Amino acid sequence: MVPDELWPALSGASGAALVCCFVAAAVALRWSGRRSARGAAARARQRQRAGLENMDKAAQRFRLQNPDLDSEALLALPLPQLVQKLQSGELSPEAALFTYVGKAWEVNKGINCVTSYLADCETQLSQAPRHGLLYGVPLSLKECFSYKGHDSTLGLSLNEGVPAECDSVVVQVLKLQGAVPFVHTNIPQSMFSYDCSNPLFGQTLNPWKSSKSPGGSSGGEGALIGSGGSPLGLGTDIGGSIRFPSAFCGICGLKPTGNRLSKSGLKGCVYGQVAVQLSVGPMARDVESLALCLRALLCEDMFRLDPTVPPVPFREEVYTSSRPLRVGYYETDNYTMPSPAMKRALLETKQSLEAAGHTLVPFLPSNIPYALETLSSGGLFSDGGHSFLQNFKGDFVDPCLGDLILVLKLPSWLRGLLAFLLKPLFPRMASFLSSMRPRSAGKLWELQHKIEVYRNSVIAQWKALDLDVLLTPMLGPALNLNAAGRATGAISYTVLYNCLDFPAGVVPVTTVTAEDEAQMEHYKGHFGDIWDKMLKKAMKNSVGLPVAVQCVALPWQEEMCLRFMREVEQLMTPEKRPS
């Protein structure tokens with residue numbers, strides 16, 4: 001309300017002047033915010049450059065002191081063999097660390113995957129416990145893992161210059177197991193994208209083809225490991241963020257059940273959202289490396305440092321079992337049409353599994369559109385995106401986010417109206433928009449209950465067929481840069497298993513052929529809408545790029561999931577390194 005005595009002051013020239021003052025103040029605040037964001041980007045890039053220079057110097061110094069070391073042979077060692085040689089003393093931890101530091105520096109020049117050099121890795125070498133399962137193993141970390149003395153910016157200017165006070169729990173545990181963290185790797189701004197770019201550190205490129213995305217949000221990890229710059233990394237996954245970069249970059253990755261590994265000390269954009277579970281998981285060149293990492297993490301140290309994690313150690317007997325499996329499978333989820341290469345990858349894997357003595361059974365989780373459009377989208381944005389938007393005040397918005405920020409800034413009523421208008425032509429987009437409106441506490445509880453009911457219904461379907469595991473397509477090949485934000489529906493194969501909270505991993509099984517590329521011309525999608533058209537365009541020109549399949553198990557059955565992944569890998573492993 002404006003008091004009556006103020007109305008004369010707001011009329012005529014004085015009123016116009018006051019309006020001009022308000023507008024000028026708003027412009028000044030916006031300019032000040034952008035200036036602050038530019039400063040944050042400049043400081044972040046400077047620290048990145050300084051860290052890379054230190055990496056180069058450290059690697060060169062070690063090479064000069066050890067001219068006879070066969071770096072190529074060391075880099076070619078699978079992780080289990082590297083660990084064996086480190087523990088036996090045949091290789092020194094210094095040799096492993098500085099060889100990988102040099103390789104990471106070299107590949108980063110072409111793909112921009114490293115954001116920070118964790119320089120205390122050089123002193124960490126002398127502290128690494130020799131009895132640890134990962135003694136002397138160089139380890140890369142997605143930038144969201146807190147590391148004492150280093151920023152976890154998430155590509156946002158408000159987090160620049162705010163170093164962590166302590167390591168996240170999983171980092172502490174891996175250090176106690178002898179691992180040596182040496183770099184932070186790049187992420188998309190806010191981590192709500194399956195591309196990998198932000199205003200602070202720029203775009204990370206796919207090591208197989210620079211015009212393609214490495215995936216996200218653990219894209220820096222995928223690119224670094226896929227190009228041979230790290231033997232083992234940690235990522236996070238809330239919609240496919242481990243699985244997309246693993247598939248796009250030709251490596252293996254596992255998304256465990258949400259609370260199997262500690263999330264304490266992770267930096268995030270939104271806290272308290274539990275409807276759709278975030279997971280911490282390993283990424284590596286092969287499945288045995290993932291299993292080794294999980295063995296190391298599922299130990300008394302983690303259960304002591306984070307008592308909220310179930311104290312269940314790695315179940316070796318499940319992972320090493322060789323009994324034939326009963327495998328469910330589907331060729332399409334009827335939401336995202338698989339590319340020709342995806343379909344071939346799935347069918348060839350199915351045939352190989354059958355030839356090896358496993359039983360394959362058709363299986364499709366019920367009501368997938370409902371799980372995606374109502375449950376997953378509604379759970380992730382149950383406050384209408386309000387908490388998420390707080391991270392962007394005064395900041396630049398990276399193109400990899402597409403129109404997400406614009407949509408979330410719309411008033412709730414306008415979002416609802418837009419959903420109504422779009423529904424006849426673009427029903428998928430309309431459903432997502434509708435579910436992203438803010439909810440009351442009562443409606444949120446109702447949504448969370450619906451997720452529980454849906455999860456139980458899929459488990460009942462699964463048990464009715466007596467399945468051990470599930471084989472599904474995995475989105476691929478890698479998309480063009482900046483396409484992910486305009487092909488939202490393509491997360492369907494991954495986000496479903498975040499909603500269900502099932503462990504899921506990806507294994508590369510083939511590469512795109514010229515025949516696959518030719519067949520892509522006939523790709524229509526299941527809906528023929530904007531998302532399908534963008535996906536078709538984004539997956540073209542991909543001959544030679546890796547394609548994966550996804551392996552899924554029931555909650556808390558990570559060992560079974562890994563056992564199935566290992567079986568697929570042994571039957572199907574293609575060349576996993578970019579030429």
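Please treat every number below as a calculation from the coordinates, not as lab data. Quick caveat: nothing in here was measured; it's all calculated off a predicted structure. So basically every Cβ, Gly included, is an ideal-geometry build from the backbone, and we count neighbours across all protein chains shown.
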| Roughly how big is the chain's charge dipole about its Cα centre, with Cβ charges of +1 (Lys, Arg) and -1 (Asp, Glu), in debye to the nearest 20? | 1040
| How much mean residue ellipticity at 222 nm does the chain get from its helices, if each DSSP H run of length 4 or more adds -39500 (n - 2.57) and you divide by all residues, to the nearest 500 deg cm²/dmol? | -13500 deg cm²/dmol
| FRET efficiency for Arg323 and Val543, using Cβ-Cβ distance with R0 set to 35 Å, rounded to 0.05 | 0.35
| request: Report the GluC sites (Glu not before Pro) located in the stretch 155-251 that are in a DSSP loop and have at most 13 other Cβ atoms inside 10 Å of their Cβ, or state none. | output: Glu165
| Remind me, relative contact order of the chain in percent, using alpha carbon pairs under 8 angstrom and six or more residues apart? | 16
| message | Taking the Cα centroid of the stretch 276-300 and of the stretch 63-101, what is the distance between the two, rounded to the nearest whole Å? | response | 22
| Projected area, mean over directions - the stretch 213-345, Cα convex hull, nm² | 10.2
| For the chain: rounded, prolate or oblate by the Cα gyration tensor [a/c cutoff 1.5] | oblate
| Farthest toward the dipole's positive end in the chain, which of Leu444, Asn112, Phe420, given Cβ charges of +1 (Lys, Arg) and -1 (Asp, Glu) about the Cα centre? | Phe420
| query | If you take the charge dipole of the stretch 369-451 about its Cα centre, with +1 on Lys and Arg Cβ and -1 on Asp and Glu Cβ, which of Ser431, Phe396, Ser376 is farthest toward its positive end? | reply | Ser431
| query | Dipole magnitude of the stretch 435-579 about its Cα centre, charges +1 at Lys/Arg Cβ and -1 at Asp/Glu Cβ only, in debye to the nearest 20? | reply | 660
| message | Please give me, ordered by residue number, the GluC sites (Glu not before Pro) of the stretch 288-340 that lie in loop per DSSP and have at most 12 other Cβ atoms within 10 Å. | response | none
| Span-like helices, the chain: DSSP H, alpha-carbon axial extent 18 Å or more, mean Kyte-Doolittle 1.0 or greater, which ones? | none
| Using only the Cα atoms of the stretch 414-477, what do you get for the radius of gyration and for Dmax, in Å? | 16.9, 47
| query | What length, rounded to one decimal in nm, is gained on full extension from Gln390 through to Asn54, with 0.36 nm per residue of separation minus their alpha-carbon distance? | reply | 117.5 nm
| Spherically averaged projected area of the stretch 102-250 from its Cα convex hull (nm²) | 8.1
| query | Debye sum, Cα scatterers, the stretch 369-451, no solvent: what log₁₀ I/I(0) at q = 0.16, 0.19, 0.21 1/Å? | reply | -0.63, -0.87, -1.03
| task | Starting with the highest mean, order 342-355, 236-249 by the number of other Cβ atoms within 10 Å, averaged over the residues of each peptide. | result | 236-249, 342-355
| task | Find the relative contact order for the stretch 430-533 and round it to a whole percent, using C-alpha pairs within less than 8 Å whose residues are 6+ positions apart. | result | 27
| Compactness of the stretch 173-258, expressed as Rg and Dmax over alpha-carbon positions, Å | 12.3, 39
| With +1 on each Lys and Arg Cβ and -1 on each Asp and Glu Cβ, how big is the dipole of the stretch 369-451 about its Cα centre, in debye rounded to the nearest 20? | 260
| message | As an exercise, use a Förster radius of 25 Å and the Cβ-Cβ distance of Glu72 and Thr573 to find the FRET efficiency, rounded to the nearest 0.05. | response | 0.75
